[in-house]
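What follows is calculated from the coordinates using simple rules that are stated; it is not laboratory data. Everything numeric in this text was worked out from a predicted model, so none of it was measured. We place every Cβ from the backbone using ideal geometry, glycine too, and count neighbours over all the protein chains shown.
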Amino acid sequence: MSKYKGIIFDLDGTLLDTLSDLANSVNEALESYSYPTHAKDAYRLKIGRGFRNLIEQSMPENTDPAIIDAGLQRFLAAYSENYNKETKPYEGIVSLLTALQQKGIALAVNSNKRDDYTHNLLRQLLPELDFIAVYGERHDVAKKPDPQAALKIAGLMKLEPQEIVYIGDSKTDMVTAHNAGMDSIGVLWGFRDEAELKQYHATYLVKRPQEIYDIIFPESE
């Protein structure tokens, strides 16, 4: 029997490669102010702490907060048109999730992406998956790394935190797991690097989705 009965996944950089659509939308907003834009890879370090933070990190230093707020609205207008143009599941994710679901593992998603986009992308790109819960950024739930959403999901799964493994690609996810009393898996195909995941004490590191299955169901079983 598996040590873990439930898994909570991050979205961006873990299940879905959203980098191009996010980068293009932010750059569109920046161009509207004649601000410098950024290369796509530069956004790897900016994503993961909510949309307003993404805009704040992308605009010039000491930009007036009112302009950041207005820029956020311009980004949202662009992203509403772009969010599903190039975004797709990482290779091996669909087969991994399907196999885990077939084995009775409870699955959920906890993202700092706005809740409506989180639901829309999962519905469009992973429609065959039955997630116990999907939490995006909401006004009534604290964002990661606060463990509030993760613990709410544990309650919905009817599992103890130690029966759940939290999977993500960043410091934010590793700290969320720690704060919730859960083990963590850091994925190396996402937006951050191995050093960050090690620094924040990932329980496991994986290079391919199949390795997650092997952690949940070791060969020795």
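Taking only the alpha-carbon atoms of the stretch 19-82, what semi-axes of the equivalent ellipsoid follow from 5 times the gyration tensor eigenvalues under a square root, in whole Å, largest first?
Over the Cα atoms of the stretch 19-82, the semi-axes work out to 15, 13, 11 Å.
Report, ordered by chain and residue number, the lysines lying within cross-link reach of Lys3, taken as a straight Cα distance under 28 Å and ignoring same-chain residues fewer than 8 apart.
Lys103, Lys143, Lys144, Lys152, Lys158, Lys171, Lys198, Lys207
Tell me, in nm to one decimal, what length is gained between His139 and Ser80 on full extension, where the rule is 0.36 nm per residue of separation less the Cα-Cα distance?
Result: 19.3 nm gained on full extension.
Take the alpha-carbon centre of the stretch 47-87, take the same for the stretch 166-208, and report the distance between them in whole Å.
25 Å
Reported to two decimal places, what Rg/Rh ratio describes the chain when computed on Cα atoms with Rh from the Kirkwood expression?
With Rh from the inverse mean 1/r over Cα pairs, Rg/Rh is 0.98.
Say each of His38 and Lys207 gets a label point 7 Å from the Cα, pointing the same way as Cα to Cβ; how far apart are those two points in nm?
Once both label points are built, they end up 2.8 nm from each other.
Between Glu61 and Gln73, how many nm apart are label points set 7 Å from Cα along the C-beta direction?
If labels sit at Glu61 and Gln73, their model points lie 2.9 nm apart.
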